Amino acid sequence: MPVTTPMTGRGVCVIIAARNAAATIPVAIASALREAEVAEVVVVDDASTDNTRDAARAADDGSGRLAVIRLDVNRGPSSARNLAIHASRAPFISILDADDFFLEGRFRRLFASTDWDFAADNIMLIRDDAATDLDKVAAPPFAADPEFLDFERFIDGNISRRRVRRGELGFLKPVISRAFLDRHGLTYDENLRLGEDYELYARAVACGARFKVIKSCGYGAIVRADSLSGRHRTQDLKRLADADLALLQLDNLPERSKAALRRHERHVRDKYRLRNFLDVKAERGLASAAAYAFASQSNLIPIVRGVATDKLDALFRRTGIAAEQQMPPMRFLMAARTSDSPSSRKPPTLKKSAFENNDVA
């Protein structure tokens with residue numbers, strides 16, 4: 001049943017797809033309800049086996065903006081988000097993961113201009129063992145430095161590099177115009193449990209979405225070793241690569257855009273081939289894995305390259321040639337400069353060491 005909430009022209013529906021998130025969802029909900037622009041918060045409990053639903057309901061602030069939907073069968077984040085979008089009415093949509101939070105004033109900054117269909121800001125990535133007293137977390141005063149992403153820049157921005165801290169643009173959590181989604185018939189691909197944000201954003205930009213990015217920070221993400229997004233299955237990689245092939249079939253896609261998609265598809269497909277090789281080896285032995293590897297050159301090259309690189313990395317760490325890469329307590333998805341010194345490229349001076357090793361340029 002649709003949520004009935006008084007609407008404003010800039011009202012935002014915050015959608016939280018949650019599974020076994022009882023410990024973290026109260027903070028997520030509170031950070032959303034704190035924002036004046038938020039007209040609705042729709043939580044979809046995706047068949048949790050803990051008390052996620054009760055924890056979500058207990059976070060209600062009495063304003064009538066919170067709705068909690070319970071699914072009895074786990075359907076995945078894409079399905080949960082589509083359900084929440086259908087059940088809500090606000091003209092703008094904002095996705096919030098159940099173990100993340102908004103920084104105060106996020107939507108005020110994003111709505112400072114309205115020349116966009118998607119508007120995203122920087123993300124503060126906080127290691128879970130450093131995530132204490134989140135109410136007091138504040139980002140440095142980064143300059144907005146707005147820019148619009150074109151299709152090629154977005155696709156290429158989702159190709160990760162070895163030994164480089166992850167910063168793929170598919171991690172962005174934009175505010176999305178419902179009117180744009182409706183006009184182009186866009187929804188989350190329910191076949192995907194990995195890269196569902198990437199696929200939706202790519203399809204939207206291909207349809208002409210004005211995807212604006214500002215470098216000021218309004219979203220806090222807790223980096224957990226046991227997060228659901230970090231436990232994807234091998235087949236999830238295959239489905240994501242197949243999604244790129246489907247995007248290649250879009251009408252009137254320029255050749256340079258198709259070239260970018262082919263690069264991303266090959267990148268993801270190579271990851272899948274390596275992971276599948278390791279799965280076959282674990283399940284059926286080395287002979288079966290070797291047969292899979294030698295079945296085609298397309299299999300063999302990424303498998304040999306991936307195995308060799310992994311073994312070299314392990315050797316370098318064991319011999320002390322290279323140190324184990326440590327995740328800093330806090331960093332930012334996008335490099336940024338501070339707004340109080342436009343000509344400076346140095347990070348701000350802070351009392352605490354929590355911002356050391358961040359990505360401020």
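Could you count how many residues in the stretch 176-212 are closer than 23 Å to Val38 by Cβ and assigned to a helix (DSSP H, G or I)?
10
Going by the conditions given, is Phe111 modelled with pLDDT of 95 or more, within 16 Å of Val175 (Cβ to Cβ) and surrounded by fewer than 22 Cβ atoms within 10 Å (Cβ to Cβ)?
Taking the combined requirement at face value, the residue satisfies it.
Is there any pair with a first residue in the stretch 155-175 that is in a loop (DSSP other than H, G, I, E, B) and a second that is among the charged types (D, E, K, R) and modelled with pLDDT of 95 or more whose Cβ atoms are under 7 Å apart and which are 6 or more apart or on different chains, and what are they?
Ile159/Arg263
Being surrounded by 22 or more Cβ atoms within 10 Å (Cβ to Cβ) and not polar (S, T, N, Q): is that true of Asp121 here?
So Asp121 fits the description; yes.
Looking only at the stretch 99-108, how many residues end up being more than 20 Å from the chain's Cα centre (by Cα) and either buried (at least 16 other Cβ atoms within 10 Å of the Cβ) or among the basic types (Lys, Arg) (or both)?
1
Within the stretch 6-40, can you find the residues that are more than 19 Å from the chain's Cα centre (by Cα) and among the hydrophobic types (A, V, I, L, M, F, W, C)?
Answer for the stretch 6-40, where residues must be more than 19 Å from the chain's Cα centre (by Cα) and among the hydrophobic types (A, V, I, L, M, F, W, C): Met7, Ala22, Ala23, Ala30, Leu33, Ala36, Val38, Ala39.
Taking Val137 as the residue in question, decide whether it is of a type in the set (A, V, I, L, M, F, W, C), in the same structural domain as Cys217 (by TED's automatic domain parsing) and at pLDDT below 95.
yes
Could you say which residue among Glu283, Glu324 is modelled with pLDDT of 95 or more, farther than 30 Å from Ser31 by Cα and exposed (fewer than 14 other Cβ atoms within 10 Å of the Cβ)?
So the residue among Glu283, Glu324 that is modelled with pLDDT of 95 or more, farther than 30 Å from Ser31 by Cα and exposed (fewer than 14 other Cβ atoms within 10 Å of the Cβ) is Glu283.
Residues Ala90, Ala80: which one is in contact (Cβ under 8 Å) with a residue 40 or more places away in the chain, surrounded by 20 or more Cβ atoms within 10 Å (Cβ to Cβ) and part of a loop (DSSP other than H, G, I, E, B)?
On inspection, the qualifying residue turns out to be Ala90.
Does Asp145 satisfy being in a loop (DSSP other than H, G, I, E, B) and in contact (Cβ under 8 Å) with a residue 60 or more places away in the chain?
Spelling it out, Asp145 is indeed in a loop (DSSP other than H, G, I, E, B) and in contact (Cβ under 8 Å) with a residue 60 or more places away in the chain.
Within the stretch 194-215, can you find the residues that are of a type outside the set (Lys, Arg), surrounded by fewer than 23 Cβ atoms within 10 Å (Cβ to Cβ) and farther than 21 Å from Glu265 by Cβ?
Across the stretch 194-215, the qualifying residue is only Gly208.
When Gly170 is evaluated against the numbered criteria (1) surrounded by 15 or more Cβ atoms within 10 Å (Cβ to Cβ); (2) over 18 Å from Val213 (Cα atoms), which criterion, by number, is the only one it fails?
The failed condition is (2).
The values are calculated or read from the model by the stated rules, or taken from the named source; none is laboratory data. Bear in mind that the values here come from a model prediction, so they are computed numbers and not experimental data. Note that we place each Cβ from the backbone using ideal geometry, even for glycine, and neighbour counts take in every protein chain shown.
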